[in-house]
Amino acid sequence: MFVARSIAADHKDLIHDVSYDFHGRRMATCSSDQSVKVWDKSENGEWHCTASWKTHSGSVWRVTWAHPEFGQVLASCSFDRTAAVWEEIVGESNDKQRGQSHWIKRTTLVDSRTSVTDVKFAPKHMGLMLTTCSADGVVRIYEAPDVMNLSQWSLQHEISCKLSCSCISWNPSSSRAHPPMFAVGSDDGNVTYGGKVQIYEYNENTRKYAKAETLATITDAVHDTAFAPNLGRSFHVLAIATKDVRIFKLVPLRKESTSTGPTKFEVQIVAQFDNHNSQVWRVSWNITSTLLASSGDDGCVRLWKANYMDNWKCTGILKGDGSPLTGSSGQPTVMRTVVGSSAQASQNALNGISAGRYFFPPLDPPRAATGHGHLLPPPSLIEHCDVEHNQPQQQSVSCRLSSRSLVSLSESDGQ
Amino acid sequence: MSGSKSDILWSPHHPDRYVICDSELGLYRIGPAGCAELKAGTVPLSGETAATLLAINSDTPYMKCVAWYPKQEPECLLAVGQANGRVVLTSLGQSHNSACKELVGKEFVPKHARQCNTLAWNPVDSNLLAAGLDKHRADFSVLIWDISSKFSPEASVSAEKIRLSSSDLDPSLVVTKPLYDLGQNDACLSLCWLLRDPKLLLAGMHRNLAVFDLRNTSQKTFVNTKAIQGVTVDPHFPDRVASFFEGQVAIWDLRKFEKPVLTLTEQPKPLTKVAWCPTRTGLLATLTRDSNIIRLYDMQHTPTPIGDETEPTIIERSVQPCDGLIGTFAWHPSRQNRMVVVSATNRAMTDFTVFERISLAWSATTSLMWACGRHLYECAEDGPEGAQGLLEQDIATKMRQRAQSRYGHDTVQVWRNHLLAGGNDSQLKSLWFDLFYMKQCAEDAELKLQGNKQAIVYSGIKNIVKTSSGTTESRKCWSGSERQTEATRFHSEERGLALRLCGWMGRASDVDVEPFLRSLEQEREWERAAAVALFNLDIRRAIQILNRGAMAEKGDLNLNVVAMALSGYTDEKASLWREMCSSLRLQLNNPYLCVMFAFLTSEPGAYDGVLYESSVAVRDRVAFASMFLNDAQLPRYVDKLTNEMKEAGNLEGILLTGLTKDGVDLMESYVDRTGDVQTASFCMLKGSPGEVLKDPRVQCWIENYRNLLDAWRFWHKRAEFDIHRGKLDPTSKPLAQVFVSCNFCGKSISYSCAAMPHQGRGFSQYGVSGSPTKSKVTSCPGCRKPLPRCALCLMNMGTPVSSCAGTGKSDDKVDLTRENKLAQFNNWFTWCHNCRHGGHAGHMLSWFRDHTECPVSACTCRCMQLDTTGNLEPLDSS
């Protein structure tokens, strides 16, 4: 069961991004109020804001942590067309005693001519590298050649994606078998421009990033994309937030040793869920990439989990806005939660289908040819979790009661 | 609003009431949708809310527009503009208030009848009601009425005229003289009062937008534009106004009224409503005709102009509140981003909240944080103390728990690891028993000095049966009877080994299955025990086991029936027994009972009923196969089963593949499926045949597992894992990381030299060895110069700290208590990498317990705070 509690964020405007550090002990938030806040978790699990400062002269879209082996380093990007790198320093004053930390700006990256929409550090085995993408469709990869001096960043690569970029995600795999790779999503709404997620891969020979794949089936605006932590798996998993939640599997085809081109992938769509009704805003993987969380226009956070048969199912729905009561009392409130929803299980049993699992042949031409924004599989294939959001209240009750019997169900079909 | 077009108005004071007007006025109240409360007149609006119809008013026909009186009292007063230009005050529900009684029914009549397009109450001076009318020759089109004004005798002439049409009206309630009349010779399509000054009225006239000032009605500021419909002022930004024309929305800044600041992308269909969100700045909702979506324009990110170019940005979103076409909508005045939507066709209402983009993130420790609007919510998976034990946990949680219970670290009783893992995963159980048997066999082989056999133990049954040679056949009797069985049993050394790996044969004797049967009985696995006994051609024992199973506490009495059936066994081909058993066995639930009859009824050599019964444990099937399949069938069967296991990533298959490349393949598909790198790492470390560990995939799992432990701050567990790994894979040991070199001669001061003098070549060179060295650790072994002094005790480093005598002998390390460990550490060299001051570790630790700055005078270095990660406590400190 998941229990949610509210934290007084004290941001003056919309919060655009939340980001945990490597250990999950610190958190950074950024907001339209142009500030970034850093939070530290105390021993008893409470979050305390230990720093809050104005970072940009526009809405701050994203904030992200570097691996702690590079120090306590944050990067932020903003509508003001810049990205910035911040480092925590041990101040001269007694900040530490007052529970405040001090962050100073190490650099401002001003290469973009338009709003910088996402910023991400590359996986740590690549060194200290920072990637930004911007609304003019350019991905920039910076490197700090000297990790002791964060004020110097050199622009290593500039990759034009032709489409306005909204999000970027690095493949976290540290395996030598996988060359560095990232996915860029575009929020361009024009479906005729083709695939909105492009995957680039580093080529050891040319020392450049080259496009390895375009996910042609995604023609609607993409708001977020996330590579799953690889964890030694032989394939990569990519979650995409567009008008629905989609999970793709990229299976690297074994290369002949002679070929030097980009890795070829077998692209499989593993799951597709339109439960968020219209737009899906964010997707995020847990550390073992066994749980996916997504948020969407229906104001809910949904949790997805695959069973052993690789069937993805909704295992939890959390109301995103908290109930109106939570704000005033400040008490931890048990949110409406559905774990392993019973209605769904029974429905699946009724239909006798394995829900949420559809394999399409890679690069399926008929689907691409429909070209329309409505690229949903036929209704019979879509997993209908609708039952839940029609009567969530009743259901949550029934679920709690029946959770025991449920377990046996879910485990038995996991075998 | 006649006929099709409807509108919604929220009550300005009751957050749960609204009015829907189409041909009549309907007042609704929103409440929670409880089943108990459901009664007639209640319509569900959403999952949680339902609306109750409170009152209907159909007194005023030909409604064109409605406006709700903004003041608290009288509460339900509405102004209705009619098709003939009259404005009628009406009310919903009972109004006991005298002020209200006086007002209700009052009519304001223009000089010439024409359609009333719009109404607007002055938000401050609430007596004033502005009405916008169609054009009538040179007449005024914007009339501002004072609702408190009485019947005016001067206007009695026109009142007379009107009486012709509506004779039933009380003349005292008819007002014909407006307070102001504006907009001569023009038509007015939309009106709104400006918030920055209650005397200013913005009107969308025919082909221009005009601002009227009531203090000086002769003048107006205006701008020519087509976008004159639906003027509305942003409640959060009083100078910002939106208006529309056809499919286009124009945003105006009243301070810069010449041209629109912004025009939004044109919609293919004409717009019907544009409304600012009252609860959030800069959010504009628009609706077009025959559409099922509401478009939202988020303008709040428009920053102050930087330099010369202003870059107005808008985030456009569309929401679909209901399935059908939307007639109209209205924002809730106070609830955040909430609106009620009325469908165009059937007047179905929907309560709908527009949600902000929720951003979310998982932490390393399975808690989820999300930000909704300005609020943060954290959500963590409940601890195991809840009713969680039963629910399938995520593998991340499982791995964390298993790491803490030292899963994988039991290297003696290897099988116990499955208990450390929680003991409820059959695959893990099977895996660790496999590894346990492998270890046992390997140890036995070592005892017998059969080096070659030791290697083959870990290569799995698949490879063992391939090398099988010298197979002998035997036809045994059913024990306790003279009858010969039809089944041929095969024997060879390799098959014997396979049976041992399957766990059927103990280490003591190579033929007796009895100990295994007894252990199964102890585990109450009656059916399995009976099947094993039967496969060992001991029907009597099998029956005995079943009997015992039926008799045991909570035993299944049906087992007796099975035993009876079993006792009737006959090998006659055409017997009824055979016929019935082979058909009825399929209905048995327990797979072991099923395979027992399959074995008895099958033709010799054709045991598919047993071999392909997938619910029977792999080890039992393999053991069966190695007893009854001949040299040609056995490898084929094992190969087939191996591939099946590899495909499925089933850990039971490790029995077949062993810890070979095949085993890594199998483990790869297990990891692909589950992400359980923990089991994969430990399993691959168990075998210790070097080549498996060199596989890049195995290295990758180990690295990923270590990374997980690091992220969870299980640093001690990580270190233990590294030690464990270093024992089996010496190449993984990291090199020495830090050397202390002497200030004078630059040679390394190797502290370990003191304990192990024979290793320190530098020592022997100088002819010092044994006890004299121990006393001289305060000086450099190279040049004999003293080592630096501790910043606190001012003794030369290397001097034993008073509380602990000596640097300790190496054999002390065997039984180090916690106290001892600390004492050992107390005389270590430590120094701050920043200020280069240092001393004995124990002294430094105690100093920084109370201080933040370096103990060296005039050094302000905050040595202990420099490293943020260094200040984190490991989560698993034991």
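Any read-out appearing in this document is the output of simple, stated calculations on the displayed coordinates, not a laboratory observation. Note that the structure is a prediction, hence the values are computed from the model and not measured. Here the Cβ is made from the backbone with ideal geometry for all residues, glycine too, and neighbour counts use every protein chain on show.
Judged by the ratio a/c of the largest to the smallest principal axis of the C-alpha gyration tensor, the stretch B:232-299 counts as oblate, that ratio being 1.5 or greater while a/b is no larger than b/c. For B:R784 and A:E266, the FRET efficiency from 1/(1 + (r/R0)^6), where r spans their Cβ atoms and R0 equals 60 Å, is about 0.30. One decimal place: the segment B:R255-B:I315 gains 19.2 nm when fully extended, by the rule 0.36 nm per residue minus the C-alpha distance. What does the C-alpha gyration tensor say about the overall shape of the stretch A:1-74? Classify as rounded when a/c is under 1.5, otherwise prolate if a/b is larger than b/c, or oblate. Oblate shape, in that a/c is at least 1.5 and b/c is the bigger or equal ratio.
The stretch B:580-596 and the stretch B:313-376 have Cα centres separated by 58 Å.
Fully extending the segment from B:Q404 to B:E102 would add 100.9 nm, taking 0.36 nm per residue of separation and subtracting the current Cα-Cα distance. By other beta-carbon atoms within 10 Å, ranking B:M844, B:M596 with the fewest at the front produces B:M844, B:M596. Projecting label points 7 angstrom from Cα along Cα→Cβ for B:S519 and B:E603 puts them 3.7 nm apart. A simple spin-label model places the labels of B:E73 and B:K269 4.6 nm from each other, with each point 7 Å out along Cα-to-Cβ.
Among the residues of B:862-872, the average count of other protein chain beta-carbon atoms within 10 Å of the residue beta-carbon is 4. Using the average count of surrounding beta-carbon atoms within 10 Å as a protection proxy, the listed peptides B:393-399, B:557-563, A:218-224 rank, highest first, as A:218-224, B:393-399, B:557-563.
Between B:D556 and B:N346, the C-beta separation translates, for a Förster distance of 60 Å, into a calculated FRET efficiency of about 0.50. Taking 7 Å steps out from each Cα toward its Cβ at A:A177 and B:V412 produces label points 3.8 nm apart. For the stretch A:1-131, what does the alpha-carbon gyration tensor say about shape, rounded, prolate or oblate, given a ≥ b ≥ c as the root eigenvalues, a/c under 1.5 as rounded, and a/b over b/c as prolate? It is rounded, given that a/c, with a ≥ b ≥ c, falls under 1.5. Each of the peptides B:784-796, B:667-679 was scored by the mean count of other Cβ atoms within 10 Å over its residues; in descending order, highest first, they stand as B:667-679, B:784-796.
What whole-number distance in Å separates the alpha-carbon centres of the stretch B:656-716 and the stretch B:433-447? Measuring centre to centre over Cα atoms gives 21 Å. In the structure shown, the pairs A:K37/A:K313; A:K54/A:K305; B:K466/B:K686 are assessed against 27 Å; a Cα-Cα span above that value is assigned to A:K37/A:K313; A:K54/A:K305. Between B:L262 and B:I251, the built amide H atoms are under 5 Å apart, and every one of these is 5 or more places off in sequence or on another chain.
The trypsin sites (Lys or Arg not before Pro) of the stretch B:492-556 that meet both conditions, a loop assignment by DSSP and at most 16 other Cβ atoms within 10 Å of the site Cβ, are B:R507, B:R524, B:K554. Backbone amide hydrogens, once placed in the peptide plane, bring A:D17 within less than 5 Å of A:C30, excluding anything fewer than 5 places away on its chain. Around the amide H of B:V174, modelled in the peptide plane, lie the amide H atoms of B:E107, all under 5 Å away and 5 or more residues distant in sequence or on another chain.
A simple count of charges around B:T660, restricted to other residues whose Cβ falls under 14 Å of its Cβ and scoring Lys, Arg +1 and Asp, Glu -1, yields 0.
Computed from the C-beta positions of A:S151 and B:D197, the FRET efficiency with R₀ = 41 Å rounds to 0.20.
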